[in-house]
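Inspection log for the structure reproduced underneath, given as structure tokens.
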Amino acid sequence: MFERFHQYAAPLHFHRLSRKLSPWLFGLSAVLFVAGLVGGLVLAPADYQQGESFRIIYVHVPSAWLSMFCYMVMASAGAAGLIWKVKMGDIMARASAPLGASFTFLALATGSLWGKPMWGTWWVWDARLTSELILLFLYLGYIALQSAIEDRRAAARAGAVLAIVGVVNIPIIHYSVEWWSTLHQGATVTKFDKPSIDVSMLIPLLLMALAFQVFFFAALLVRARCEILEFEQHTAWVRDYLRGGRKV
Amino acid sequence: MKTFSEFLAMGGYASYVWSAYGLALIVLGWNALAPGRRERALERKLAARPERRSA
């Protein structure tokens, strides 16, 4: 088991596996998106308080969840690269940053579009919104750091330190609606309580969350392949791959 | 059963709801296409490197 894991921790094997896996994951996410959208936009009834505007939940909540999940992927991959010198850790951390930044942006923008009709304002400096904005800056800082440092190993180390320190922001985002009084509504789905949402609204939400998640992994695999090629460009296997192995 | 124009109107929230879904489409579309395009460009660039004897 550990042998197998170790094998896929090597860039060469990961690259091969990723080429097989990513088209299937994109396909699976497309199916989940269609199911989630039909459920969320057509089948789910309008909310008794928020009317039809609540349907923004189906893009807002999955992207917000993903923005935090992706950060944990980035920070733990970065930590693995920093502490155990796992090369795939550096690669995965670099590959996840642009994805995380774009989904954080989406969570903020769709939240703003939901806030305007419900709260009467595009933006408030409350705990949930501000900590999510800080998350965006952490991603952008990581990306800027990667492009500022020429040496890939050094860039990965510096980025990993930034990402690990920034993990402190994740529980702040998560608990912000409980710790401070904020305009943002509380959690709809929690691990311990029954969700405060009807099943006909909940199922599309879970489908959309799964669709975003699978999509994230698909895009992450492609980005990871790019990073692998750049990290390993002087190795013999990349040379062989580029010379003709690509067709396999 | 709702009519299609009622569906598009989203109970008066059309501009907010459809803007949110439009943005989601743009972000997902970019994330679906950009990495693949970068991969192809990178493979072309690396494949065009001059051969090195010592490797």
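Derivation of every value follows stated rules applied to the coordinates shown; laboratory data play no part. Only a predicted model underlies this, so the values are computations on that prediction, with no experimental measurement involved. Reconstructed Cβ throughout: ideal geometry from the backbone, glycine too, with neighbour counts over all protein chains shown.
For each of A:240, A:126, count neighbouring Cβ atoms within 10 Å of the residue's Cβ, then give the residues from fewest to most. Working shown, then result.
Working: A:240 12, A:126 16.
Ascending Cβ contact count within 10 Å gives the list A:240, A:126.
Looking at chain A as a GNM with Cα springs under 10 Å, which of A:101, A:156, A:30 has the largest mean-square fluctuation?
Among A:101, A:156, A:30, the largest mean-square fluctuation in the Gaussian network model of chain A belongs to A:30.
How many percent of the alpha carbon pairs in chain B exceed a separation of 16 Å?
That fraction is 66 percent.
Helix by helix, which DSSP H runs in chain A go 20 Å or more along their axis at the Cα atoms and have an average Kyte-Doolittle hydropathy of -0.5 or more?
Membrane-span-like by this criterion, though nothing is claimed about a membrane: A:11-37, A:57-83, A:87-119, A:127-148, A:152-166, A:199-231.
Sorted from fewest to most neighbouring beta carbons within 10 Å, what does the list A:188, A:110 look like?
A:188, A:110
Any chance you could list the semi-axes, whole Å, largest first, of the equivalent ellipsoid that the Cα gyration tensor gives for the protein assembly as shown, using √(5λ)?
Semi-axes (√(5λ), whole Å): 38, 22, 17.
Assuming 0.36 nm per residue, please report the length gained on full extension of the stretch residue A:143 to residue A:185 beyond their Cα-Cα distance.
Result for the pair: 12.0 nm of gain on full extension.
Test of understanding: what is the full-extension gain from residue B:41 to residue B:2, defined as 0.36 nm times their sequence separation minus their Cα-Cα distance?
Numbers: separation 39, 0.36 × 39 = 14.04 nm, distance 4.72 nm.
That works out to 9.3 nm of additional length.
Going by Cα centres, region A:119-147 and region A:13-49 are how many Å apart?
So the separation of the two Cα centres works out to 26 Å.
Given the options A:114, A:123, A:84, state which has the largest fluctuation in a GNM of chain A using a 10 Å cut-off (strictly under) for Cα springs.
A:84
Among A:96, A:196, A:112, which one moves the most in a GNM of chain A with springs linking Cα atoms closer than 10 Å?
Looking only at A:96, A:196, A:112, the biggest GNM fluctuation is shown by A:196.
If each residue's Cβ is checked for other Cβ atoms within 10 Å, how do A:175, A:142 rank with the fewest at the top? Don't skip to the end; give the middle numbers.
On the way: A:175 14, A:142 27.
The order, fewest Cβ neighbours first, is A:175, A:142.
With charges set only on the Cβ (+1 for Lys and Arg, -1 for Asp and Glu), what does the dipole of region A:133-248 come to about its Cα centre, in debye to the nearest 20?
480 debye
What FRET efficiency would be calculated for the residue pair residue A:237, residue B:26, taking the C-beta separation as r and a Förster radius of 45 Å, to the nearest 0.05?
Efficiency for this residue pair is about 0.80.
Tell me, what is the Rg over Rh of region A:1-160, with Rh the Kirkwood radius over Cα pairs?
Checking Rg against Rh, the ratio lands at 1.06.
I'd like the projected area of region A:48-117, averaged over all directions, using the convex hull of its alpha carbons. Report it in nm² with one decimal.
The Cα convex hull of region A:48-117, projected and averaged over all directions, gives 4.9 nm².
For the pair residue A:157/residue A:84, report the inter-label distance in nm, with labels modelled 7 Å from Cα in the Cβ direction.
2.0 nm
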